[in-house]
Amino acid sequence: AAGPAGAEHPATGITVTALSDQHAWIGTTPEADLQVGDWLALGLSHPCTSFDKWQLIPVAEADGTVVDYVRTFF
């Protein structure tokens, strides 16, 4: 997880509890240090998930600035 200042910290107390298509439902415990505006980074279990859903995938810098797009042909 990353806060507004960009500081990364472990996602302690945050669990994915369900999936609905491209949406993830999360649950938190009191130990979760999650604030409004924080970003959570999740990985994909298979790259086809991305290629099947998006024809253009943004390429982003570490600060989130989109600098290019990759076109997929799936």
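General observations
- Restricting attention to region 3-20 and to residues that are exposed (fewer than 11 other Cβ atoms within 10 Å of the Cβ), closer than 14 Å to Trp39 by Cα and among the hydrophobic types (A, V, I, L, M, F, W, C), the residue that is modelled with the highest pLDDT turns out to be Ala7.
- Considering region 21-46, the residues that are at pLDDT 85 or above and of a type in the set (S, T, N, Q) include one that is nearest to the chain's Cα centre (by Cα), namely Thr28.
- Within region 39-74, being open to solvent by 100 Å² or more (accessible area, probe 1.4 Å), touching a strand residue (DSSP E or B) at 6+ places or on another chain (Cβ under 8 Å) and under 22 Å from Asp21 (Cβ atoms) holds for Trp39, Leu42, Gln55.
- Restricted to strands (runs of 3 or more DSSP E) entirely inside the chain, those with at least 3 residues that are in contact with a Phe, Trp or Tyr (Cβ under 8 Å, 6 or more places away or on another chain) are 14-20, 56-60.
- Leu34 meets each of the listed conditions (1) on the phi > 0 side of the Ramachandran plot; (2) open to solvent by less than 80 Å² (accessible area, probe 1.4 Å) apart from (1).
The values are calculated or read from the model by the stated rules, or taken from the named source; none is laboratory data. Note that the structure is predicted; figures quoted are calculated from it, not measured. Ideal geometry is used to build each Cβ from the backbone, glycine not excepted, and the neighbour counts take in all protein chains shown. These area figures cover heavy atoms from the full protein model, side chains too; ligands, DNA and RNA do not enter into them. Shrake-Rupley method; radii C 1.70, N 1.55, O 1.52, S 1.80 Å.
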